[in-house]
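Some notes on the structure that comes next.
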Amino acid sequence: MTISTKLALLFAGMVCVFLLLGGVLLAQMDAMSRGYDAVLTSPVHDMDAARVVQVNFKKEVQEWKDILLRGHTPSDLLKYTKQFHDKQAVVLAGASALAKAVQDSEAKSLLDQFVSSDAVLNAKYESAYQVYINGNADFKAADKMVRGQDRAPTDLFDKLVARLQSRVQATIAAQQKAVHQMRNWALIVSGGLLAFFGLLGFLTVRSIVQRLALLQAVSKRLANADLTGLSIDISGKDEIGEFGESMKGVHAAMEELLHLAESSHANAA
């Protein structure tokens, strides 16, 4: 194999390594992107939706208090009653949608318990509302009927939010671990390939330099007609090896000429 072929193969190998590393890097970036997209579309999305339902539930409780405290005139009563019922519908719709979307079994169980607890609370609200209407806006009796009844669904939803938050943290931690593993794998593979081709290139260049040095030494001795103990051992199927073979022919020819010269000198004497 010629030297130019060796160098061309070495260069092609390095190009292939960089292309391979580029492909691996793109694949890892795609995997990381899909991993973080999964985090955003599932646990983070569920967490955001739960926060919205939690806020709306607190607003629902506040709307009930507005009925009791501000619904003394027919117009105000109609206004705050509508707002209260609207929040009830929003909370129920949000909790039901979240129960269908969430994948964690414990979170789904907490959501089901919350929906049931909220339904019980809403029934008590309706009973208290009738007492409020029939008592000529006497908020004390109505408030007594539902006082503290919102704690159970509130506690359930707080547990749900805490559960979803821990799921988000666990998912992010798992994604970060996967990213670190992919990064370490890429470093190992790229480092190994670069070390291999670096060593191969070093050995190739060193072999060429050493054999050229031998050729230079042989060439100097032949130029000075110093053939004493001269041995030409430069093998290889490349330009250097071919040049070494030609040096052997020169060496043999010079030895033959010296031998003839010595013979002629001896005969003349």
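The values are calculated or read from the model by the stated rules, or taken from the named source; none is laboratory data. In this text the structure is predicted, and so the values were computed from the model without any measurement. With ideal geometry, Cβ positions are generated from the backbone for all residues, glycine too; neighbour counts draw on all protein chains shown. All accessible areas refer to the heavy atoms of the entire protein, side chains included, with ligands and DNA or RNA removed. Shrake-Rupley method; radii C 1.70, N 1.55, O 1.52, S 1.80 Å.
Of the residues LEU222, LEU199, the single one that is part of a helix (DSSP H, G or I) and at pLDDT below 80 is LEU222. Between a residue in segment 196-215 that is among the β-branched types (Val, Ile, Thr) and any residue that is open to solvent by 70 Å² or more (accessible area, probe 1.4 Å), which pairs come within a Cβ distance under 8 Å, given they are 6 or more apart or on different chains? Qualifying pairs under 8 Å: THR204/LEU7.
One line per residue, one yes/no per condition, for (1) of a type in the set (S, T, N, Q); (2) open to solvent by less than 60 Å² (accessible area, probe 1.4 Å); (3) in contact (Cβ under 8 Å) with a residue 60 or more places away in the chain:
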{"residue": "ALA101", "(1), (2), (3)": "no, yes, no"}
{"residue": "ASP104", "(1), (2), (3)": "no, yes, yes"}
{"residue": "ALA107", "(1), (2), (3)": "no, yes, yes"}
{"residue": "LEU110", "(1), (2), (3)": "no, yes, no"}
{"residue": "SER116", "(1), (2), (3)": "yes, no, no"}
{"residue": "VAL120", "(1), (2), (3)": "no, no, no"}
{"residue": "ASN134", "(1), (2), (3)": "yes, no, no"}
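Which of the residues belonging to segment 102-137 are of a type outside the set (S, T, N, Q), over 22 Å from LYS58 (Cα atoms) and in contact with a helix residue (DSSP H, G or I) (Cβ under 7 Å, 6 or more places away or on another chain)? If the condition is that a residue be of a type outside the set (S, T, N, Q), over 22 Å from LYS58 (Cα atoms) and in contact with a helix residue (DSSP H, G or I) (Cβ under 7 Å, 6 or more places away or on another chain), then ASP104, GLU106, VAL131, GLY135 are the ones that fit.
Kindly indicate the residue of segment 178-195 that is under 14 Å from VAL17 (Cα atoms) and touching a residue at least 24 places away in the same chain (Cβ under 8 Å) and also most open to solvent (accessible area, probe 1.4 Å) among those meeting that condition. Among residues in segment 178-195 that are under 14 Å from VAL17 (Cα atoms) and touching a residue at least 24 places away in the same chain (Cβ under 8 Å), the one most open to solvent (accessible area, probe 1.4 Å) is LEU194. Please find, within segment 201-214, the residue that is farthest from GLY13 (Cα to Cα) out of those that are open to solvent by less than 70 Å² (accessible area, probe 1.4 Å) and not charged (D, E, K, R). This residue is ALA213.
Does segment 229-240 contain any residue that is in a helix (DSSP H, G or I) and either in contact with a helix residue (DSSP H, G or I) (Cβ under 8 Å, 6 or more places away or on another chain) or modelled with pLDDT of 75 or more (or both)?
So the first thing to find is which residues in segment 229-240 are in a helix (DSSP H, G or I), and the list is 239-240.
Filter once more, so that each one left must be either in contact with a helix residue (DSSP H, G or I) (Cβ under 8 Å, 6 or more places away or on another chain) or modelled with pLDDT of 75 or more (or both): 239-240.
Looking through segment 229-240, at least one residue is in a helix (DSSP H, G or I) and either in contact with a helix residue (DSSP H, G or I) (Cβ under 8 Å, 6 or more places away or on another chain) or modelled with pLDDT of 75 or more (or both).
A single entry from LYS124, LYS140 fulfils the requirement of being in a helix (DSSP H, G or I), touching a residue at least 24 places away in the same chain (Cβ under 8 Å) and among the basic types (Lys, Arg): LYS124.
Would you be able to tell me the number of residues in segment 89-107 that are outside any helix (DSSP H, G or I) and within 17 Å of LEU156 (Cβ to Cβ)? I'd like the intermediate steps shown before the answer.
Keep residues of segment 89-107 that are outside any helix (DSSP H, G or I), which gives 102-104.
Next, from what is left, pick out any that are within 17 Å of LEU156 (Cβ to Cβ): 102, 104.
Total satisfying the criteria: 2.
Residues in segment 139-181 that are of a type in the set (A, V, I, L, M, F, W, C) and within 25 Å of ASN56 (Cβ to Cβ): PHE139, ALA142, MET145, VAL146, ALA152, LEU156, PHE157, LEU160, VAL161, ALA162, LEU164, VAL168. Scanning segment 249-269 for residues that are out of contact with any helix residue (DSSP H, G or I) (no Cβ under 9 Å at 6 or more places or on another chain) and either touching a residue at least 24 places away in the same chain (Cβ under 8 Å) or under 29 Å from LEU214 (Cα atoms) (or both) turns up GLY249, ALA252, ALA253, GLU255, GLU256, LEU257, LEU258, HIS259, LEU260, ALA261, GLU262.
Restricting to segment 144-162, give me the number of residues that are open to solvent by 50 Å² or more (accessible area, probe 1.4 Å) and either over 15 Å from VAL91 (Cα atoms) or of a type in the set (Phe, Trp, Tyr) (or both). The number of residues fulfilling the criteria is 9.
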